[in-house]
Amino acid sequence: MIAPMGAISTSRGQIGVSEAGGGDALPIIFLHGVGSDKSVWRPQLEHFGKSRRAVAFDYPGYGESEFVEGATRDDFAASILAAMDALGIERAHVCGLSLGGVVAIAMHAAAPRRCASLIIADSFAVHPDGQGIYDRSVAASRAMTMRKLAEARTGVLLGSAASDELRREVIDTMAAIAPAAYRIGAAAVWLADQRDRAIDISRTTLILVGDEDVITPPALSKELERLIADPVLEIIPACGHLANAEQPDRFNAAIDRFLAEVEKPA
């Protein structure tokens, strides 16, 4: 059962959290993208909460987290680590999608021993059009409402098999983001260059990407695969940029297989 969404007090301020499950298995935490919040991880909390503690967080300024002026991707990573402290989670598998993958890499750079493994979905170390995407995102967030921006973006975000219901959910979630928070999140993701950090990743890493993702296409995941010392790459069919929401069963099954391997007794 998923606990009601809420917020916790941490050393980095109030952080939004939603969680499910428990038990002795290592927890898994989930980190959302720039146009989303923790609610996007409901299919994963429902699934992984059956076997372990599963927790989704909001970044500063998103969902139920406090806004922090000028926050960076490293600030986002520090906030998630502080939230883990507040929940008594010393070590966990860290799963991030898009901006969440960028934050997961930053978390590993800051505290590698707290990351049991990394799961990086529809993300990258550096985006070849990062500056252009950032500039367009900022301009759009100033020229139109967040709902209009979401409506304009949904066709690019989602793959061909996405349901109308999911499209509405994506629009409603993105429409609720404060424009200032969205711009900070856009800088955190699109201006990232973490190739040196990716090379230094010391944990086995699952890399997931939708085969129809045109925002962070499979080529960027293959570049991550080349940079990281111990990678596992899976391309998920029939989905775009939001693989966890578009194809939750396939997404969850890939993580189940991965966790079974990394948690196998030596």
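The values are calculated or read from the model by the stated rules, or taken from the named source; none is laboratory data. Worth saying up front: this structure is predicted, and the values here are computed from it rather than measured. Neighbour counts run over all protein chains shown; Cβ positions are idealised from the backbone, glycine included. Side chains are part of the model used for accessible areas, which takes the heavy atoms of the whole protein and leaves out ligands, DNA and RNA. Shrake-Rupley method; radii C 1.70, N 1.55, O 1.52, S 1.80 Å.
Below is a table of values for the structure above.
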read-out	value
Which listed residue is under 18 Å from the mean Cα position of the chain (by Cα), modelled with pLDDT of 95 or more, crowded, with 18+ Cβ neighbours inside 10 Å and not aromatic (Phe, Trp, Tyr), from GLY101, GLY130	GLY101
Flag for ARG142 being in contact (Cβ under 8 Å) with a residue 12 or more places away in the chain, out of contact with any strand residue (DSSP E or B) (no Cβ under 9 Å at 6 or more places or on another chain) and open to solvent by 60 Å² or more (accessible area, probe 1.4 Å)	yes
Lone qualifier among ALA82, ALA71, ALA7, ALA77 - being without any contact (Cβ under 8 Å) to a residue 60 or more places away in the chain and open to solvent by less than 20 Å² (accessible area, probe 1.4 Å)	ALA77
Total residues in the range 10-34, condition out of contact with any Lys or Arg (no Cβ under 8 Å at 6 or more places or on another chain), surrounded by 21 or more Cβ atoms within 10 Å (Cβ to Cβ) and under 12 Å from TYR62 (Cβ atoms)	4
Residues of the range 39-68 that turn out to be in a helix (DSSP H, G or I) and open to solvent by less than 10 Å² (accessible area, probe 1.4 Å), as a count	4
In the range 85-98, the residues that are of a type in the set (A, V, I, L, M, F, W, C), open to solvent by 10 Å² or more (accessible area, probe 1.4 Å) and either part of a helix (DSSP H, G or I) or touching a His at 6+ places or on another chain (Cβ under 7 Å) (or both)	ALA86
Boolean, VAL214 is under 18 Å from the mean Cα position of the chain (by Cα), among the hydrophobic types (A, V, I, L, M, F, W, C), modelled with pLDDT of 95 or more and assigned to a loop (DSSP other than H, G, I, E, B)	yes
Residues within the range 217-237 that are more than 17 Å from the chain's Cα centre (by Cα) and open to solvent by less than 50 Å² (accessible area, probe 1.4 Å), tallied	4
Residue match in the range 10-32 (condition: touching a residue at least 24 places away in the same chain (Cβ under 8 Å), out of contact with any strand residue (DSSP E or B) (no Cβ under 9 Å at 6 or more places or on another chain), under 30 Å from VAL214 (Cβ atoms) and of a type outside the set (Lys, Arg))	no
Tally of residues being in contact with a Pro (Cβ under 9 Å, 6 or more places away or on another chain) and either open to solvent by 20 Å² or more (accessible area, probe 1.4 Å) or of a type in the set (Gly, Ala, Ser) (or both) across the range 238-260	5
Tally of residues being in a strand (DSSP E or B) and over 17 Å from ASP196 (Cα atoms) across the range 116-133	4
Residue check for ARG183: within 29 Å of SER65 (Cα to Cα) and open to solvent by 40 Å² or more (accessible area, probe 1.4 Å)	yes
Residue among ARG136, ARG142, ARG113 that is more than 22 Å from ALA181 (Cβ to Cβ), charged (D, E, K, R), in a helix (DSSP H, G or I) and modelled with pLDDT of 95 or more	ARG113
